[in-house]
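Take a look at the structure set out below.
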Amino acid sequence: MTQLNVLEDFPILKQTDKNGNRLCYLDSAATSQKPEPVLRAMDDYYHTINANIHRGIYHIAEEATAAHENVREKVRAFINAGAASEIVFTRNATESINLVAYSWGRQTLQKGDVVLLTEMEHHANLIPWQLLAAEKELRLEFIPVKEDGQLDLEAYAGLLDMRPKLVSISGMSNVLGTIPPTKQMAADAHQAGALFLLDGAQMVPHQKVDIRDIDADFFAFSSHKMLGPTGIGVLYGKQALLEAMPPFFGGGEMIKKVYLRSFIANDVPWKFEAGTPAIAEAIGLGAAIDYLNAIGMDHVSAHEENLTEYAIRSLLTAPGLKILGPLNGKRGSAVSFTVDYAHPHDVAQILDSENICVRAGHHCAMPLHDRFAIPATTRASFYIYNTRDDVDRLLTGLEKVHRLFG
Ligand code: 7TS
């Protein structure tokens with residue numbers, strides 16, 4: 001089964017514009033659409049057991065607490081972490097990476113230490129390290145991206161000679177679709193004495209992840225890109241690391257005992273979860289995981305690989321169009337391109353007039369666009385609800401752009 005047929009589950013995709021064109025959503029790298037079971041799970045929560053968690057002793061509070069903690073176990077199983085206590089709920093992948101920077105990084109890193117990133121990072125895996133580097137006088141180094149969009153792994157080997165304390169990379173580029181050999185890179189990082197942080201924001205929605213097999217020390221991702229709601233994300237961290245790290249936010253929930261001038265922190269993962277969490281959102285994330293599991297992540301990947309291959313093949317027939325990133329082989333479903341006759345914003349606007357949603361701009365990866373000496377690209381990104389019909393619509397839309405601007 002390489003073609004999924006799940007469109008019926010996504011109410012938003014039934015919308016049509018005034019010309020009767022169905023919504024063609026090609027911006028899942030920014031955020032995914034939500035299937036009915038996810039919407040229902042959140043709605044049910046508010047209709048039936050809404051209460052604050054970890055404090056009430058009345059029955060709906062206990063049910064809400066159990067439902068919330070049950071999702072932690074679902075997340076653990078979904079990425080094959082060793083223990084549910086290694087799953088910290090955050091707001092999003094961005095917050096997860098910031099948590100590592102400000103808790104682990106601030107405690108561990110010292111003046112002159114090297115943090116090794118890549119040239120293709122989303123700003124979420126760049127700015128936290130820039131901020132920390134300014135505070136602690138760290139050195140940031142970058143694995144180069146080659147012309148074909150792949151990481152320069154020979155350069156990586158050389159950069160590891162600098163004995164970085166941390167290697168932090170994305171498991172899939174949100175612009176190029178590049179999928180680096182993360183397991184090998186983690187092993188190489190460990191060999192050089194570094195910890196390995198994997199930004200899984202574009203990875204978890206699209207492929208089966210076995211985090212213990214990859215052996216990343218930290219792993220960050222967002223619910224909203226994997227069919228779940230906004231407002232909740234995950235930081236996976238190895239138990240011993242999380243236990244040694246100081247809290248990042250302070251407040252209720254993250255404590256065991258509080259005195260006027262001091263406190264004793266709670267156990268992991270709650271030590272990192274100050275304040276009332278996103279309870280309905282966690283339940284929505286749980287429903288998203290159930291939904292993806294029912295399809296099977298292998299089927300998700302196969303569907304996307306098939307569609308991405310078709311999209312690239314189709315796009316390359318369009319006049320004056322250039323795709324950034326790998327054109328074949330194992331790559332993700334984010335396809336960014338330029339056309340030599342129109343600015344990406346014009347492309348996106350014309351496509352929008354055909355009810356086709358694509359993203360135009362730098363996609364929060366400005367240094368990567370600098371690397372390719374272009375200010376912006378148009379990006380189509382696919383997910384389980386997209387079909388070849390969407391790709392064909394994109395191509396027809398681009399013909400219109402060509403007619404108007406070409
Ligand atoms: N890392 C990668 C690789 C991403 O693509 C994104 C979001 C993030 C981190 C941050 O995720 P957040 O949920 O914390 O915002 N990427 C995109 C995108 O490509 N278009 O909009 C958001």
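The values are calculated or read from the model by the stated rules, or taken from the named source; none is laboratory data. Note that the coordinates shown come from a computational prediction; the quantities given were computed from them, not determined experimentally. As a convention, Cβ positions derive from the backbone with ideal geometry for all residues, glycine included, and neighbour counts pool all protein chains shown. With ligands, DNA and RNA removed, areas are computed over all heavy atoms of the protein, side chains included. Shrake-Rupley method; radii C 1.70, N 1.55, O 1.52, S 1.80 Å.
For region 4-51, the tally of residues that are assigned to a helix (DSSP H, G or I) and touching a helix residue (DSSP H, G or I) at 6+ places or on another chain (Cβ under 9 Å) stands at 18.
Would you please name the residue that is surrounded by the fewest Cβ atoms within 10 Å (Cβ to Cβ), looking only at residues in region 89-128 that are of a type in the set (D, E, K, R) and away from the ligand (no atom under 16 Å from the Cβ)? Filtering first and then ranking leaves 111.
Among the conditions (1) open to solvent by less than 50 Å² (accessible area, probe 1.4 Å); (2) within 22 Å of residue 208 (Cα to Cα); (3) part of a helix (DSSP H, G or I); (4) not acidic (Asp, Glu), the only one that residue 65 does not satisfy is (2). Is it true that residue 143 is open to solvent by 10 Å² or more (accessible area, probe 1.4 Å) and in contact with a Leu (Cβ under 9 Å, 6 or more places away or on another chain)? The answer is no for residue 143.
Considering 227, 241, the condition of being in contact with a Phe, Trp or Tyr (Cβ under 8 Å, 6 or more places away or on another chain) and within 16 Å of the ligand (Cβ to nearest atom) is satisfied by 227 alone.
For region 140-168, a residue qualifies if it is in a strand (DSSP E or B) and either in contact with a Cys (Cβ under 8 Å, 6 or more places away or on another chain) or within 16 Å of residue 130 (Cβ to Cβ) (or both), and the qualifying residues are 140, 141, 142, 166, 168.
Close contacts from region 169-190, counting a first residue that is at negative phi and a second that is within 16 Å of the ligand (Cβ to nearest atom) and of a type in the set (Asp, Glu), with Cβ to Cβ under 7 Å and a gap of 6+ residues or different chains, come to 169/199; 170/121; 170/199; 171/199.
If the condition is being touching a residue at least 60 places away in the same chain (Cβ under 8 Å) and at positive phi, then region 14-63 contributes only 54.
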